[in-house]
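One structure is given here, and the rest of the page talks about it.
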Amino acid sequence: MGLSFALMWSSAFTSARIAVAYASPLAMLSMRFLISGLIAVIIARALGQTARLSRNQWIAVVLFGICQNTIYLGANFIAMQWIEASLAAIIASLLPLTVAAASWAFLGERLSKTGIIGLIAGAVGVFIIMGARLSGGADLFGVALCFVGVAALTLATLLVRGISSSGNVLMIVGLQMLVGSAVLLPSSLLLETFHVEWTWQLIAAFTYTTLIPGLAATLIWFLLVGRVGATRAASFHFLNPFLGVAIAALVISEALTLRDLIGVAIIMGGVFAVQTGRNRADS
């Protein structure tokens with residue numbers, strides 16, 4: 001489950017990069033969540049799941065839908081009009097580091113020396129990659145949007161706890177997607193001029209991102225967290241930097257430099273150290 005999630009999640013940046021070349025990012029993302037959410041809700045109803053959630057679960061659904069689907073993915077889709085998919089994937093892969101740092105700073109979660117070293121290593125890896133990409137002309141606004149997205153997803157991860165403990169996991173997945181769609185639609189109307197070029201690349205990328213990273217990966221993530229816990233599940237994110245840049249290089253031929261590879265390796269090591277450090281502190 002962890003490996004399949006990491007592969008699906010990492011591939012989302014490449015499919016999004018292809019799709020935003022042919023359509024308005026926010027409008028397309030709103031449609032993606034509408035389709036994914038309806039599919040999930042229909043299947044959940046067929047399986048006997050209901051939308052009868054507790055007040056705390058509804059709050060979690062709304063917060064998760066806004067923070068992940070609206071802010072995080074919305075910011076990333078907009079950013080990939082100007083920056084490469086591999087760079088967006090690398091920035092997004094900082095999530096375990098930012099969650100660990102925020103938990104340590106604001107929630108009093110214990111972190112071992114290994115975990116602290118991992119946070120420092122992750123920051124070093126980012127600076128290596130950012131220095132190379134910015135000197136190569138990477139768009140500052142696009143990079144800033146990706147960091148805003150990571151901050152939003154970090155907040156969602158800290159606020160939303162116990163959402164996968166309900167037996168209505170697929171229903172919850174569908175509902176939080178519909179929340180994202182509902183918020184993204186007016187955002188699209190206010191912030192962008194609608195356009196679409198109906199090409200086979202757009203249709204293929206939209207279909208893939210809707211069903212695989214959008215629906216399947218999210219469902220696997222919720223089930224994985226419920227099965228092994230958030231800390232152990234988050235450890236699979238250390239695969240995302242490598243998989244993200246590898247898929248972008250293979251599918252859309254994005255260039256990679258030696259500094260990119262060194263930075264990716266350091267970030268992966270940092271994330272792995274943070275996860276093992278958190279496990280040791282918990283035990």
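Since every read-out is calculated from the coordinates, none of them should be taken as a lab result. All of these numbers come straight from a predicted model, not from anything done at the bench. Ideal geometry is used to build each Cβ from the backbone, glycine not excepted, and the neighbour counts take in all protein chains shown.
Note: relative contact order over the range 1-105, using C-alpha pairs below 8 Å and six or more positions apart, is 51 percent.
Rg over Rh for the range 20-147 works out to 1.06, both radii taken from alpha-carbon positions and Rh defined as the Kirkwood radius.
The radius of gyration of the Cα set in the range 1-48, together with its Dmax, comes out at 13.6, 40 angstrom.
For the range 100-243, rounded, prolate or oblate, judged on the Cα gyration tensor with a ≥ b ≥ c (square roots of eigenvalues), a/c < 1.5 rounded, else prolate if a/b > b/c? Oblate, because a/c is 1.5 or more while a/b does not exceed b/c. Its Cα centre serving as origin, the chain has a Cβ charge dipole (Lys and Arg +1, Asp and Glu -1) of approximately 860 debye.
Here the contact order of the range 2-282, divided by its residue count and restricted to Cα pairs under 8 Å and six or more residues apart, works out to 43 percent. Listed by number, the DSSP H helices of the chain that run 24 Å or longer by alpha-carbon position along their axis and have mean Kyte hydropathy of at least 0.0 are 2-19, 25-46, 113-135, 140-159, 169-191, 258-282. Once semi-axes √(5λ) of the Cα gyration tensor in Å is calculated for the structure shown, the corresponding label among (1) 27, 23, 18; (2) 27, 26, 16; (3) 31, 21, 19 turns out to be (2). Highest mean first, the peptides 110-116, 195-201 sorted by other C-beta atoms within 10 Å per residue fall in the order 110-116, 195-201. Dividing the summed -39500 (n - 2.57) terms of all DSSP H runs of n ≥ 4 by the residue count of the chain sets its mean residue ellipticity at 222 nm at -24000 deg cm²/dmol. For Val196, nonlocal amide neighbours, meaning residues 5 or more places apart or on other chains whose placed amide H falls under 5 Å from its own, do not occur.
Of the residues Arg32, Arg133, the one with the fewest other Cβ atoms within 10 Å heads the list, and the complete ranking is Arg133, Arg32.
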